[in-house]
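K.L.:
I'd like to ask you about the structure that follows.
The values are calculated or read from the model by the stated rules, or taken from the named source; none is laboratory data. Keep in mind it's a predicted model, so treat the numbers as computed, not measured. Every residue, glycine as well, gets a Cβ built from its backbone with ideal geometry; the counts of neighbours run over all protein chains shown.
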Amino acid sequence: MAVAKGALTVSPEPGTVDATPSTQISLLGLPVRDISHVQVRGSRTGVHAGRLDAYSQGDGGSFLPDAPFAEGERVAVSLQVRDGGAQQRVEWHFTVGYRAGLGAAHFNHPKVRTPAPAEQRSKRAVTAAEAKERPGPLGPNASVPRRETLTQHFHSAPSLHPPRVIVSKHADSDAPGLLFMSPFSVGQAGPMIINDEGQLVWFDPVNVGPTAATKATNLQVQTYEGKPVLTWWEDPLASGGNGRREPQDVIVNSRYERVATIHGGNGLMPDVHEMQLTPEGTALIAENHDVRCNLTSVKGSADGSVWDDVIQEIDVATGLVRWEWNSLDHVPLRAAYDSALVASASYPFDFFHLNSIQQLEGGESLLISARNTWAIYDINHHTGAIRWQLGGKHSTFAMGPGTRTAWQHDARVVARPDRSELEITVFDDGATPRVHRQSRGLIEVVDLASRTARLLRALVNSPPLLAGSQGSVELMSDGDVVVGWGQEPWVTEYGPGGEIRFQAHLPFFEQSYRVLRFEWHGMPSTPPSLALERLPSGRLAVYASWNGATEVASWAVLEADGPAPMSRIATAPEQGFETRIVLPAPVSGSAFAVQALSAEGSVLGTSRSLALPAAAAAPASESTAAPAAGR
């Protein structure tokens with residue numbers, strides 16, 4: 001809510017009923033020098049001392065209490081703000097909610113159980129019966145592939161085992177960029193970039209090593225401090241310093257070095273669904289927490305609980321919470337299409353299920369998608385009030401034929417044809433439980449003046465794909481549309497006329513929360529990797545790769561004999577993630593290295609040298625392609 005003549009926005013907002021015990025009090029809109037005499041009193045815990053820390057943007061600060069509040073207590077806040085030459089008193093109150101004791105949920109879907117870490121590492125084999133019954137990349141009556149065919153293997157990067165990507169259609173297209181996904185079910189889990197041939201460009205396995213995570217989701221290219229970066233969410237296996245797992249959003253530069261990590265505030269943790277960076281140096285993140293709740297109004301238990309979905313705007317530089325929005329403050333429980341009948345104190349009612357956030361032009365409002373209310377909302381970025389609702393039980397707009405969604409994901413405003421119209425893309429899952437015959441990628445036109453919504457394009461697959469969760473729709477600048485099918489392991493790119501220009505799939509049972517296309521130029525901080533193999537013929541096979549390098553056009557092989565300097569003895573065009581170069585026999589050198597060359601022939605990077613392996617020996621690897629994001 002904005003107070004003090006609209007100059008100050010405060011969180012928790014006045015009247016909030018489920019603030020967390022460790023909440024900070026966010027004061028946004030005035031520099032901290034204009035805020036004074038902050039007094040905070042809990043109805044049970046009394047007066048709270050604390051400090052006022054400024055946001056890096058200079059437009060406010062957060063009061064950080066020295067001690068947490070008590071569950072169920074009412075908290076009164078008062079302060080003074082300077083408005084011009086006058087002082088104005090500001091007062092409001094909020095209530096701290098009762099936690100159900102479960103903490104935060106990092107689910108993809110309430111009815112799809114996320115595997116435990118041990119299960120994640122030891123997936124069972126797919127049976128022939130399952131392959132025949134389940135539609136997908138294997139197809140009806142398809143033979144079940146061996147497990148080793150589901151993942152990729154490289155001589156020069158033996159620690160990388162990303163899932164294979166099979167391209168089934170690749171028509172000529174001018175669409176620039178690479179494909180970004182985050183598989184997490186079959187092989188190693190992690191953010192992954194591929195090209196249009198399905199070849200690996202970059203992969204960071206998050207479920208290995210001392211900082212292993214269960215999975216990563218939502219790999220994107222965004223802008224941070226004026227430069228393109230990669231961002232994704234990951235959930236570590238190990239507990240943090242406070243004894244709990246600390247999921248985080250990660251920011252990585254073009255050298256694949258971590259430049260920032262984003263944690264939730266107020267005792268909450270980021271979930272899998274969304275993190276959007278803003279030009280102001282902030283991050284909009286999705287979170288949730290469980291709250292005890294009487295659910296009899298929606299035919300649930302009087303002693304029940306509910307997931308409250310939360311949006312926080314985090315100052316990336318300081319980690320402070322600038323602004324917070326709670327779904328329970330603005331959306332009634334009866335808006336949900338999910339049932340509260342099975343909810344209890346230990347199984348919260350997932351009434352809202354926030355899954356996308358977009359700051360609209362000007363920053364005055366946010367577009368969000370709530371899976372379980374079947375609705376897209378425009379909310380005021382200052383007051384938190386809902387400006388309008390598209391779909392659901394109480395749509396602001398008359399929904400034209402084909403515009404209603406069910407269990408949808410990834411809503412985005414992609415164009416504004418005129419002042420009164422918006423073009424919105426959304427992935428309409430339509431399943432779990434099933435509502436539609438198939439999932440769809442939709443582009444809809446919303447007329448704010450006439451309060452109508454009409455369908456512009458509906459993109460479907462043949463045979464039909466029905467995704468129980470996840471999914472994405474991305475409108476490209478050339479009119480192509482990239483649809484990631486979420487729980488179904490497919491990605492399809494459609495031309496402006498609806499024709500399929502590109503289609504690929506991950507292995508059976510694999511999934512990626514979103515699949516998006518971006519332009520990206522990566523130059524790893526680690527050197528290229530090298531492996532050598534003596535072939536039965538006596539010739540030497542050289543394997544070269546550079547995890548994440550996008551500008552390599554060719555490779556050169558260097559040879560040295562004893563203490564003599566290395567000299568170039570062969571070159572070959574780049575052949576994908578790993579290039580194999582076979583040298584003629586006999587080989588006289590005792591050590592070898594490789595150089596990555598640009599299209600102009602300049603040296604981009606040089607590997608470490610590797611001694612010549614003995615005859616008939618297994619391939620010798622110089623590097624295991626050390627994880628590139630600071631692990």
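K.L.:
Pick out the one residue from GLU71, GLU91 that is among the charged types (D, E, K, R) and either surrounded by 20 or more Cβ atoms within 10 Å (Cβ to Cβ) or out of contact with any Ser or Thr (no Cβ under 6 Å at 6 or more places or on another chain) (or both). So that I can check it myself, show each step before the final result.
P.N.:
Values: GLU91 fails: either surrounded by 20 or more Cβ atoms within 10 Å (Cβ to Cβ) or out of contact with any Ser or Thr (no Cβ under 6 Å at 6 or more places or on another chain) (or both).
After ruling out the rest, the residue left standing is GLU71.
K.L.:
Separate question: Please work out which one of (1) small (Gly, Ala, Ser); (2) over 25 Å from ARG454 (Cβ atoms); (3) buried (at least 21 other Cβ atoms within 10 Å of the Cβ) is the condition SER339 fails and give its number.
P.N.:
For SER339, the exception is condition (3).
K.L.:
Filter the range 188-235 for residues that are among the small types (Gly, Ala, Ser) and buried (at least 24 other Cβ atoms within 10 Å of the Cβ); which is farthest from ALA504 (Cα to Cα)?
P.N.:
Taking the range 188-235 as the starting set, the residues that turn out to be among the small types (Gly, Ala, Ser) are 189-190, 198, 209, 212-213, 216, 226.
Of the ones still in play, those that are also buried (at least 24 other Cβ atoms within 10 Å of the Cβ) are 189-190, 213, 216.
On the way: ALA189: 18, GLY190: 18, ALA213: 26, ALA216: 20 Å.
Within the range 188-235, the match that is farthest from ALA504 (Cα to Cα) is ALA213.
K.L.:
A further question on this structure: Go through (1) hydrophobic (A, V, I, L, M, F, W, C); (2) more than 23 Å from THR318 (Cα to Cα); (3) not in a strand (DSSP E or B) one by one and return the number of the condition ALA76 breaks.
P.N.:
Among (1) hydrophobic (A, V, I, L, M, F, W, C); (2) more than 23 Å from THR318 (Cα to Cα); (3) not in a strand (DSSP E or B), ALA76 violates only (3).
K.L.:
Which of the residues belonging to the range 418-454 are over 28 Å from the mean Cα position of the chain (by Cα) and not hydrophobic (A, V, I, L, M, F, W, C)? Spell out how you get there, then give the answer.
P.N.:
Residues of the range 418-454 over 28 Å from the mean Cα position of the chain (by Cα): 418-421, 447-454.
ASP418, ARG419, SER420, GLU421, ASP447, SER450, ARG451, THR452, ARG454, listed by residue number.
K.L.:
Additional query: Any residue at all in the range 20-28 that is surrounded by 17 or more Cβ atoms within 10 Å (Cβ to Cβ), out of contact with any strand residue (DSSP E or B) (no Cβ under 7 Å at 6 or more places or on another chain) and part of a loop (DSSP other than H, G, I, E, B)? Explain how you work it out, then say what you get.
P.N.:
We begin by selecting, within the range 20-28, every residue surrounded by 17 or more Cβ atoms within 10 Å (Cβ to Cβ); these are 20-21, 23-28.
Checking the rest, the ones that are also out of contact with any strand residue (DSSP E or B) (no Cβ under 7 Å at 6 or more places or on another chain) come to 23.
Remaining after also requiring part of a loop (DSSP other than H, G, I, E, B): 23.
Yes, that holds for at least one residue.
K.L.:
I've got another one for you. Could you say which residue among ILE166, ILE193 is among the β-branched types (Val, Ile, Thr) and either closer than 14 Å to LEU516 by Cβ or assigned by TED's automatic domain parsing to the domain that holds GLU551 (or both)?
P.N.:
ILE193
K.L.:
Condition check: of a type outside the set (Asp, Glu), assigned to a loop (DSSP other than H, G, I, E, B) and at pLDDT 95 or above. Does ARG580 satisfy that? Show your work before the answer.
P.N.:
On the way: of a type outside the set (Asp, Glu): yes; assigned to a loop (DSSP other than H, G, I, E, B): no; at pLDDT 95 or above: yes.
So ARG580 fails the test.
K.L.:
Could you tell me which numbered condition LEU52 fails, if it satisfies all but one of (1) modelled with pLDDT under 95; (2) in contact with a Gly (Cβ under 6 Å, 6 or more places away or on another chain); (3) of a type in the set (A, V, I, L, M)?
P.N.:
Against the list (1) modelled with pLDDT under 95; (2) in contact with a Gly (Cβ under 6 Å, 6 or more places away or on another chain); (3) of a type in the set (A, V, I, L, M), LEU52 comes up short only on (1).
K.L.:
Checking ARG412 against (1) basic (Lys, Arg); (2) assigned to a loop (DSSP other than H, G, I, E, B); (3) surrounded by 16 or more Cβ atoms within 10 Å (Cβ to Cβ): exactly one of these is not met. Which one?
P.N.:
(2)
K.L.:
Further, regarding this structure: Looking at SER168, SER173, SER182, which is the one that is at pLDDT 85 or above, of a type in the set (Gly, Ala, Ser) and either farther than 19 Å from PHE509 by Cα or surrounded by 14 or more Cβ atoms within 10 Å (Cβ to Cβ) (or both)? Spell out the reasoning first.
P.N.:
Details: SER168 fails: either farther than 19 Å from PHE509 by Cα or surrounded by 14 or more Cβ atoms within 10 Å (Cβ to Cβ) (or both); SER173 fails: at pLDDT 85 or above.
After ruling out the rest, the residue left standing is SER182.
K.L.:
Restricting to the range 252-281, name every residue that is among the aliphatic types (A, V, I, L, M) and either assigned by TED's automatic domain parsing to the domain that holds ILE25 or surrounded by 22 or more Cβ atoms within 10 Å (Cβ to Cβ) (or both).
P.N.:
Correct list: VAL252, ILE262, LEU268, MET269, VAL272, MET275, LEU277.
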